[in-house]
Each structure stands twice: as structure tokens, then as C-alpha cells.
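What follows is a set of notes on a single structure, which appears directly below.
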Amino acid sequence: MPSTETILLRIVLAIIAGGIIGGEREYRSKSAGFRTIILISIGSCLFTLFSAFISPSTPDRIASNIVTGIGFLGAGVIFRGDNRVNGLTTAATIWAAAAIGMGIGAGYYLYSFIACLSALLVLVLFMKLENIIDKLSQTRNYKIVCEYNDEKLKYYEERFVHHHLKFKRNTQKRKDDELTGIWIVQGAERNHDLFIRETMNDNTVKEFEF
């Protein structure tokens, strides 16, 4: 059984590790921020410690349930946006923070802090790489309302092709003399911007959402 000093050391290290990761989430104003990640790290550390005290012969029985509990927390920060599912990174961060807390609680300090710094590296530096990839390929929803014309939707689809954008026609609707088309369009950010600028200056367009 670990000494009182060792237990306190592990709790303090769990606070530090959770604070390192939680600070980055708080800086970006995410739903699971500084205090939340620290509490997750402390809780995982304590569950790991207590499982060794309560059930010395099978300490993994209680600790394994941390994964299930963390799954509920992660699900709470995931939500559907207009074009994508949001909160997946924060949910994965919660999961990683729990694993780090468990590692500290089990006494694997070096590995836990290597994992902590690796998680921070992914959250901070890899975000720049993600932004570069996002500029190269973005998926957007376009809604265009114009006067009814049999060839009008095909015209806009030709403009997608002209600007090197891949598209999938989602829905089309006619109401009185108005025609509405909705597309899911994928392509580079620059090509999206060129199409948007062109469409914004099209006097035949009554409504344009993007």
C-alpha cells in the first residue's frame, strides 16, 4: 500500500497534468476547460488508488469502470453543427486526461507525463496542420434561391465545376416562381471564396446561404 506522502504526490501530479491539458482547452474556450479536465484527472487518479485499497486482489475491476464513466462525459460535449460534428477533440481530450490520471494513480509518472506532453503537442501544434488541411479541403452547404428556370440549377453546378469544387445536389424545390437548390460542396477554401464572390454579385440570385 502506498504511503500517505506517495498518495498526496500522485494527487498533486494529477492536478498538474490535468492543469496542463485543461489550460489549453480553457484558452480555446472549450466546454471542458481548466477545472473540468483537472477534476477528471484527479478523479481517475483517485479511482485507481482506491481500487487498489478496496480490492487488492483485483484492482482492475474498479479502475476499468473509469472508461465507462468517461464515455458519458465525452458524449456530453459532442454535438451536431451545420456541416460537421463538433466536440470530438474535447471528448478525446477528456478520455486522454482520464488515462493520464489513471497512470499517475498507478505510479507510472514518467509515462504519464510523456503522454501529457504528447497530448498538449497534438492540441497545440497539430492544430496548425489541421488548419492547413482545412484550407485545402472544406465541405460547405450552399442554398441558392432564384427565379424559376429549367436550366438554372445546372448553371450553378457548372460554376462549381469551373471553380474546381466537387458537389452533390441535396434538395431542390420550386415555390411559385422561385427555385431553391441546396448542395453539399467540397473543395479548397480559395475556390469556395471565388464561387461565393461570384454568386454574391449575381443579380438573379434572390437568396444565398453558405
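The values are calculated or read from the model by the stated rules, or taken from the named source; none is laboratory data. Bear in mind the structure is a predicted one, so any value in this text is a computation, not a measurement. Neighbour counts are summed over all protein chains in view; Cβ atoms, including those assigned to glycine, are modelled from backbone coordinates with ideal geometry.
Listed values, structure above:
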{"read-out": "Test: K173 is without any contact (Cβ under 8 Å) to a residue 40 or more places away in the chain, touching a Gly at 6+ places or on another chain (Cβ under 9 Å) and loosely packed, with under 12 Cβ neighbours inside 10 Å", "value": "yes"}
{"read-out": "Region 175-210 - residue that is farther than 12 Å from I144 by Cα and among the basic types (K, R) and, of those, farthest from the chain's Cα centre (by Cα)", "value": "K175"}
{"read-out": "Tally, over region 177-201, of residues that are more than 20 Å from I133 (Cα to Cα), among the acidic types (D, E) and at pLDDT 90 or above", "value": "2"}
{"read-out": "Every residue from region 176-205 that is surrounded by fewer than 13 Cβ atoms within 10 Å (Cβ to Cβ) and either among the hydrophobic types (A, V, I, L, M, F, W, C) or part of a strand (DSSP E or B) (or both)", "value": "M200"}
{"read-out": "Neighbours by Cβ (under 7 Å, 6+ apart or cross-chain): first from region 90-108, within 14 Å of E24 (Cα to Cα); second part of a helix (DSSP H, G or I) and among the hydroxyl-bearing types (S, T, Y)", "value": "A97/S41"}
{"read-out": "Filter pass, S64 being exposed (fewer than 14 other Cβ atoms within 10 Å of the Cβ) and either hydrophobic (A, V, I, L, M, F, W, C) or at pLDDT below 90 (or both)", "value": "yes"}
{"read-out": "Residues satisfying the stated conditions in region 109-118, i.e. out of contact with any Lys or Arg (no Cβ under 9 Å at 6 or more places or on another chain), of a type outside the set (A, V, I, L, M, F, W, C) and touching a residue at least 24 places away in the same chain (Cβ under 8 Å)", "value": "S112"}
{"read-out": "Residues of region 17-45 satisfying the condition of being without any contact (Cβ under 8 Å) to a residue 12 or more places away in the chain and outside any helix (DSSP H, G or I)", "value": "R28, S29, G33"}
{"read-out": "Matching entry among F160, F113 (being closer than 30 Å to N201 by Cα, buried (at least 17 other Cβ atoms within 10 Å of the Cβ), under 29 Å from the mean Cα position of the chain (by Cα) and not charged (D, E, K, R))", "value": "F160"}
